[in-house]
Amino acid sequence: MNKIPNRAAICEVLMEQAANDRDIVVLCSDSRGSASLAPFAERYPEQFVEVGIAEQNLVGIAAGLAKGGKKVFAASPACFLSTRSYEQVKVDVAYSATNVTLIGISGGVSYGALGMSHHSAQDIAAISAIPNIRVYLPSDRHQTRCLIESLLKDSLPAYIRVGRNPVEDIYEEGSVPFVLNQATVLAEGKDAAILACGEMVAPALGASRLLAKEGISAAVLDMYSIKPIDKEAVLRAAGTCGLLVTVEEHSPYGGLGAAVSQIVAERGTARVIQLSLPDAPVITGNSQEVFDYYGLNKAGIAAKIRENVKR
Amino acid sequence: MAENYKVLAYELRKQTVAIIMSGKGGHIGGDMSVMDILMTLYFRQMNLSPENQDSPDRDYLIMSKGHCVEALYAVLAEKGFFPLEQVKEEYLRFGSPFIGHPNNKLPGIEMNSGSLGHGLPVGIGIALANRMDHRKNRVYVVMGDGELAEGSVWEGAMAAGMYQLDELCAVIDRNGLQISGSTEEVMAHEDLKRRFESFGWHVEEVWQGNDSDALNQAFDRAKQVKGKPTVVIAHTVKGFGSSIMENQVAWHHHVPEEEEYRQIIHDLEERKQAVLTNSQVREEAAGHE
Ligand SMILES: Cc1ncc(C[n+]2csc(CCOP(=O)(O)OP(=O)(O)O)c2C)c(N)n1
Ligand SMILES: [Mg+2]
């Protein structure tokens, strides 16, 4: 089992690139340890800014640095980064179109036992509702690497959410089928399609394999790009399968399920079933316990499809 | 009397560490530094008990540095709000109300916290409501020193000064450390006293912030101050009570290994015994006079 969390993959890429690019600047808010960015701070102290426990300041300063020509990566727990600094994200990053990549660490229910203050079940909704900023939830460390490498090539605002724990590898090192802003089809299928993002991609794949043994063929799409969302991929899946199941570590409002439903409602013909966290304070426990409780695991996803697929 | 509280503080520290061990998580460094503040407020200052917890006349405490909830659990259990055994059985377990931050589904806890920099504005609101209703209850807000980097703290400091909230008492656990290093390295605030004074506050600087008597006197003096809020700047030691964790930044949220746990309990017990022996010696000396 892979031991490297996605956040560490981000640090790796930034360390490699910073060696040749003095404009890469990383900011933290007493969060360098939890962001796995302590090695960066140590190796490139002149390209690192610590702002203390001050997330609004973090994002404001990040925008200013970008205005001054820097390629900025600001990392803080997703719960605080997405909502405490919301107006700075809206005005200073998105509206002013500054070259800032926000890295929301320990996203979703990574801090499961710490309660709602530390859960980020609203970040996709919050950030997606702002024009001019992209939202990504990479599924594994290899895809995370591709994403960061790709974002370094442009200068548009982005928000990335990663979890705290290492997750199973979905892809193989060096051969990740990655196209920026396009969904990755991990499995083809004709009875149903599972559309998942972030940590939910692994159980989605697991569910598809489980169902295959029962003769149900379920496609799996890695929807790591929530905004912009790959409409064509969604519509293709809707056209082939007629049943879409979205799976996300997020509130039922304004996340992947909502985005997929909007697309299908307009042009598609499929049914969309959303699996997500509830619209309630999430039960506390470690993230696997929380996922299991809400059926956000391979058995839960498979059961949902079994119940709803037309045979 | 003073000795009893010293002994109690060591006992409560042992319980706090036991809670952390039971759930394999928590913020031990800040728990140990804030213990004397919490114990002094709950046992020597505040008008609050399980019996009057719903009375509008109770005193309020907002644990703004909510990550140190284990220390709060130990103190509230000792006050009789819930059994310590229950905390140890349920802390951080799936579905339990004893989560890693204060939540007001539990008795004795006023507000949910965990996101730093929220407590002071909320405390100001409570103090204003009490004033509107002509009540004289005290409102305490306990903050960390790293927490002071949040702008909301200073927005609150401004408002409390302007509204002359003399029933409001902020307490800063000035242990000099946060997660990534010392506060001076991460975000410095050397002239804290002057900063608060310039926002219209009365400042009580307590140099022995782990001494319950010194804290108690500061809280007493704060009650006499009229027309200004008070901030008690308690100079504490993060990890207070065991040399293996004192002033060690890594102990912000390190969970002790079994061996370390034994060492910590041993150190706390030893210091407690030293207090008892000293007080015995003094009593005997007094008896011989
Ligand atoms: C708004 C917010 N940002 C970040 C955190 C994560 N965090 C938890 S504890 C902590 C350090 C707190 O340091 P300090 O206030 O000095 O507390 P103490 O030393 O008493 O533990 C941080 C950054 C948080 N809980 N809330
Ligand atoms: Mg501190």
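The table below lists the values:
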| quantity | calculated |
| --- | --- |
| Interface area, A with B, accessible, probe 1.4 Å, both sides summed, Å² nearest 100 | 1800 |
| Long-range Cα-Cα pairs in the protein assembly as shown (distance over 32 Å), rounded percent | 51 |
| Label point distance in nm, B:Glu78-A:Arg271, each placed 7 Å from Cα along Cα→Cβ | 5.9 |
| Where N is the number of residues in chain B, Cα Rg divided by 2.2 N^0.38 Å | 0.97 |
| For a label point 7 Å along the Cα-to-beta-carbon line of B:Lys223, residues of the range B:107-145 with backbone N under 17 Å | B:135-141 |
| Charge dipole (chain A, unit charges on Cβ, about Cα centre) - positive-most of A:Val247, A:Pro203, A:Ser261 | A:Ser261 |
| Using θ = phi - 60° and Karplus 6.51 cos²θ - 1.76 cosθ + 1.60, couplings along the range B:276-282 (whole Hz; Gly, Pro as x) | 5, 4, 4, 5, 5, 4, 5 |
| Cα-Cα over 21 Å, subset of B:Lys6/B:Lys223; B:Lys6/B:Lys65; B:Lys193/B:Lys223 | B:Lys6/B:Lys223; B:Lys6/B:Lys65 |
| Accessible surface, the protein assembly as shown, averaged per residue in Å² (probe 1.4 Å) | 39 |
| Cβ neighbours within 10 Å from other chains - mean over A:53-63 | 4 |
| Euclidean distance of C-alpha centroids, the range A:157-221 and the range B:47-73, integer Å | 46 |
| Signed unit charges on C-beta, dipole axis of the range A:1-94, positive-most listed residue A:Gly69, A:Ala18, A:Cys79 | A:Cys79 |
| Apportionment of accessible area to carbon and sulfur, chain A, percent (1.4 Å) | 50 |
| Per-residue SASA entry for B:Ile179, accessible area with 1.4 Å probe, Å² rounded to 10 | 70 |
| Sites matching GluC sites (Glu not before Pro) across the range B:190-257 that sit in DSSP coil, with at most 10 neighbouring C-beta atoms within 10 Å | B:Glu190, B:Glu257 |
| Alpha-carbon centroids, the range B:168-231 and the range B:245-289: separation in whole Å | 25 |
| Values of log10 I(q)/I(0), in the order q = 0.11, 0.15, 0.25 Å⁻¹, for the range A:162-258 under a Debye, Cα-only, solvent-free model | -0.30, -0.57, -1.48 |
| The range B:234-284: C-alpha gyration tensor shape, a/c 1.5 cut-off, then a/b vs b/c | oblate |
| Inter-chain Cβ neighbour average for residues A:104-115, partner chain, 10 Å | 3 |
| Computed FRET value (nearest 0.05) for A:Glu168 with B:Glu270, which takes r as the C-beta separation and R₀ as 60 Å | 0.80 |
| Selection from B:Gly117, B:Ala160, A:Tyr293 lying farthest towards where the dipole of the protein assembly as shown points positive, charges on Cβ | A:Tyr293 |
| Out-of-range pairs (alpha-carbon distance over 25 Å; input B:Lys24/B:Lys105; B:Lys105/B:Lys272; A:Lys3/B:Lys238; A:Lys213/A:Lys298; A:Lys304/B:Lys24) | B:Lys105/B:Lys272; A:Lys3/B:Lys238; A:Lys304/B:Lys24 |
| Buried on assembly, the range A:270-300 (at least 20 Å² less accessible surface than by itself, 1.4 Å probe) | A:Ile283, A:Thr284, A:Glu289 |
| Efficiency of FRET from Cβ geometry, A:Asp292 and B:Arg282, R₀ 60 Å, rounded to 0.05 | 0.55 |
| Per-residue average of Cβ from other chains inside 10 Å of B:92-99 | 6 |
| Candidate aspartates and glutamates - alpha carbon under 18 Å from B:Lys88, same-chain residues fewer than 8 apart omitted | B:Glu11, B:Asp31, B:Glu70, B:Glu78, B:Glu257, B:Glu258 |
| Long-range amide H partners of A:Ala187 with built H, under 5 Å | A:Val220 |
| Paired Rg and Dmax values of the range B:36-115, which use every Cα atom, in angstrom | 11.9, 35 |
| Accessible surface of chain B, 1.4 Å probe, proportion on carbon and sulfur as whole % | 51 |
| Inter-label distance for B:Lys193 and B:Glu257, nm, one decimal - labels placed 7 Å from Cα along Cα-to-Cβ | 4.2 |
| Largest-first principal axis extents of the Cα set of the range A:6-161 (Å) | 40, 31, 29 |
| Within chain B: Cβ-based charge dipole about Cα centre, in debye rounded to nearest 20 (Lys, Arg +1; Asp, Glu -1) | 760 |
| Cα centroid separation, the range A:72-143 to the range A:41-59 (Å) | 17 |
| CD proxy at 222 nm, helix term only [per DSSP H run n ≥ 4: -39500 (n - 2.57); per residue of the protein assembly as shown; nearest 500] | -12500 deg cm²/dmol |
| Residues of type lysines that A:Lys227 reaches as a straight line, Cα spacing below 21 Å, ignoring anything fewer than 8 places off in the same chain | A:Lys71, A:Lys90, A:Lys153 |
| Chain A: relative contact order as a whole-number percent, Cα under 8 Å and 6+ apart | 17 |
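The values are calculated or read from the model by the stated rules, or taken from the named source; none is laboratory data. Keep in mind that this is a model prediction, so the values were computed, not measured. In this analysis, Cβ positions are derived from the backbone assuming ideal geometry, glycine residues included, and neighbour counts consider all displayed protein chains. The protein model used for the area step is the full one, side chains on, heavy atoms only, and it has no ligands, DNA or RNA in it. Shrake-Rupley method; radii C 1.70, N 1.55, O 1.52, S 1.80 Å.
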